[in-house]
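Novice: A single structure is presented below for examination.
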Amino acid sequence: MTDHDGSTPASPARDAHQGYDRVAARETVVMYNALAYVLAGPLTFGPIGWGLDHLLGTSFLLPLGVLAGMALSLYLVWFRYGSQ
Amino acid sequence: MSLHVLGAPMAGLVGAAPAADGAGYESPTTQEFYQPLIGDGPFAVTRASIVILLSVALIGWFLVATTRRAAIVPSKGQWVTESVYGVVRNGLARDIIGSHDFLRFVPLLFSLFTLILVNNLFGIIPPVQFPTMSRIGFPIALTLIVYVTYHYIGIRKHGLGGYFKTLVPPGLPKGIVPMIFLLELITFFITRPLTLALRLFGNMFAGHLLLLLFITGGEYMVIHGGFGLKIAGVGSFAMAFVLTIFEALIEFLQAYIFTLLAATYIAGALADEH
């Protein structure tokens, strides 16, 4: 299949449509990436808290880790996608 | 009776034994998805393996048949192939990865998209009617290919240390960089592939189970039920029809999203440091 990209005359309607597609695709990607981040926070710091609880004989570090992980995740999502 | 029908799917999901007397409605269970045709156990040839082989043969035949005598004025088949190729090449690969690097990833993305699309659509096309991706092994295999690809090209481009450095976005306050790095590491290496595989699997699994429930439930009510249940059975078939259309949309969308995210992960691995 040959490449016709350079030779086709630009059509404003088509460009607008493709621009819309691009924005929609980007937003979809941001949504799913945000989901991966929000899962990663509690999944990372929850087990760390659980392990520290086990070592130190306490019981408050697991919920603290889950919450801190969640907060960190939300901060990162905001930093990456919300602050531009 | 209707209570029993409503309660049955939950019992089926947790693997409870169906009604012992054989008279009641047996809801579809997870067993519907494991259908060994030859042999048993981990090396059994299942219905899903036959369906994916069929899809590969079909895609291969279609692509060769529609492009062997490619013409300036395309035939219908050639037009279909070129449209799909155009969407993947321009709409996904070039827009996401960028015009410098995208061309060498088009074969991978095009194969992923067509393979997933055809296998998903097989979920509602008779006589196949089995979505391959509702068996978790298939999405995992596809995800592994994407996973190895984007880490490999990322490490090859930036070097091992450089690749890990690109994970952390620049401009963060110094104090939380180590924690963010850990978070990014888990995201890139665990939750991204996990959600990629589970999203495709879950959508195909749940959709197929829903269709099975409405169709077998409708059949049971129409054949075995009294007058009122027969009418409800017709309603169940109507729901099955509506959900089949809905499934077609989901199946297309999931193939697109899987390819879109694969392209994004590749683009992310190739991205220059800011």
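The numbers here are math on the coordinates, done by the rules we state, and not lab data. Nothing here was measured: the structure is a model prediction, and the numbers come from that model. Glycine also receives a Cβ, built like all others from the backbone with ideal geometry; neighbour counts cover every protein chain displayed.
Novice: In percent, how large is the relative contact order of region A:14-82, given Cα pairs closer than 8 Å and 6 or more residues apart?
Specialist: Values: 59 pairs, mean separation 23.4, N = 69.
Relative contact order for region A:14-82 comes out at 34 percent.
Novice: Can you grab the distance from the C-alpha centre of region B:45-97 to the C-alpha centre of region A:39-67, Å, no decimals?
Specialist: The two parts, judged by their Cα centres, are 48 Å apart.
Novice: Once the other residues with Cβ under 9 Å from the Cβ of B:Phe102 are scored (Lys, Arg +1; Asp, Glu -1), what is the net sum? Walk me through the numbers before you get to the answer.
Specialist: On the way: positive: B:Arg89, B:Arg94, B:Arg104; negative: B:Asp95, B:Asp101.
Net charge around B:Phe102: +1.
Novice: Of B:Tyr152, B:Phe246, B:Gly60, which is farthest towards the positive pole of chain B's charge dipole, taken about the Cα centre with +1 and -1 on the beta-carbons of Lys, Arg and Asp, Glu respectively?
Specialist: Comparing the listed Cα positions along the dipole, B:Tyr152 ranks first.
Novice: Skipping prolines and chain starts, which residues have an amide H placed within reach, meaning under 5 Å, of the one on B:Thr46, given they are 5 or more residues away or on another chain?
Specialist: Those lying under 5 Å, H to H, from B:Thr46 are B:Leu37.
Novice: Using all Cα-Cα distances in the protein assembly as shown, what percent lands in each 20 angstrom bin from 0 up to the longest?
Specialist: Values per bin, smallest distances first: 23, 49, 26, 2.
Novice: Taking the Cα centre of chain B as origin, work out the dipole magnitude from +1 charges on Lys and Arg Cβ and -1 charges on Asp and Glu Cβ, in debye rounded to 20.
Specialist: On the way: 15 positive and 13 negative charges, 166 e Å.
In debye, rounded to 20, chain B gives about 800.
Novice: If the elastic network links every pair of Cα atoms under 10 Å, which of B:Tyr150, B:Tyr220, B:Tyr85 fluctuates the most in the Gaussian network model of chain B?
Specialist: Top of the fluctuation ranking is B:Tyr220.
Novice: While we're on this one: Once phi is turned into θ = phi - 60°, what whole-Hz ³J(HN,Hα) does the Karplus curve with 6.51, -1.76 and 1.60 give for every residue of region B:26-34, x standing for Gly and Pro?
Specialist: 9, 6, x, 10, 5, 4, 4, 8, 9
Novice: Take each complete run of DSSP H in chain B, measure how far its Cα atoms stretch along the helix's own axis, and keep only those covering 24 Å or more with mean Kyte-Doolittle hydropathy at least 0.0; list them.
Specialist: B:47-67, B:137-158, B:192-224, B:227-270
Novice: Please report, in debye to the nearest 20, how large the charge dipole of region A:14-82 is about its Cα centre when each Lys and Arg carries +1 at its beta carbon and each Asp and Glu carries -1 there.
Specialist: Dipole about the Cα centre, nearest 20: 160 debye.
Novice: Would you work out which of A:Trp50, A:Leu35, A:Gly69 lies farthest towards the positive end of the dipole of region A:14-82, given +1 charges on the beta-carbon of Lys and Arg and -1 on that of Asp and Glu, about the Cα centre?
Specialist: A:Leu35
Novice: Answer with one residue from B:Phe130, B:Leu213, B:Leu194: the one whose Cα lies farthest towards the positive end of the charge dipole of chain B, charges on Cβ with Lys, Arg +1 and Asp, Glu -1.
Specialist: B:Leu194
Novice: Looking at chain B as a GNM with Cα springs under 10 Å, which of B:Thr187, B:Thr264, B:Thr29 has the largest mean-square fluctuation?
Specialist: B:Thr187
Novice: Which value in Å is the Kirkwood Rh of region A:14-82 over different Cα pairs?
Specialist: 13.6 Å
Novice: To continue, here is another question. Just need the relative contact order of region B:116-274 here, percent rounded to a whole number, with Cα pairs under 8 Å and 6+ apart.
Specialist: 34 percent
Novice: Above 26 Å lies some portion of the pair distances; for region B:141-260, what is it as a whole percent of all C-alpha pairs?
Specialist: Result: 49 percent of Cα pairs exceed 26 Å.
Novice: Which net charge results when you count Lys and Arg as +1 and Asp and Glu as -1 among the other residues whose beta-carbon is under 11 Å from that of B:Pro131?
Specialist: 0
Novice: Kindly write out, for region A:60-72 in residue order, the coupling ³J(HN,Hα) from the Karplus curve 6.51 cos²θ - 1.76 cosθ + 1.60 (θ = phi - 60°), rounded to whole Hz, with x marking Gly and Pro.
Specialist: 9, 7, 5, x, 4, x, 4, 5, 4, x, 4, 4, 5
Novice: Next up: Going from the alpha-carbon gyration tensor of chain B, what semi-axes, largest first and in whole Å, does one get by taking the root of 5 times each eigenvalue? Intermediate values should be presented prior to the final figure.
Specialist: Details: eigenvalues 335, 137, 55 Å².
Computed over chain B, the values are 41, 26, 17 Å.
Novice: Can you check what the net charge comes to around B:Tyr220, using other residues whose Cβ is under 13 Å from the Cβ of B:Tyr220 (Lys, Arg +1; Asp, Glu -1)?
Specialist: -1
Novice: Taking neighbour Cβ counts within 10 Å as the exposure measure, how do B:Phe205, B:Phe105, B:Phe241 sort from fewest upward?
Specialist: Lowest to highest Cβ neighbour count: B:Phe241, B:Phe205, B:Phe105.
Novice: Express the relative contact order of chain B as a whole percentage, based on alpha carbon pairs under 8 Å and six or more residues apart in sequence. Write out the running numbers ahead of the final one.
Specialist: Numbers: 255 pairs, mean separation 60.7, N = 274.
Normalised by residue count, the contact order of chain B is 22 percent.
Novice: Run the simple label-point estimate for B:Phe181 and B:Ile125 please: 7 Å along Cα→C-beta, distance reported in nm.
Specialist: Distance between the two pseudo-spin positions: 5.0 nm.
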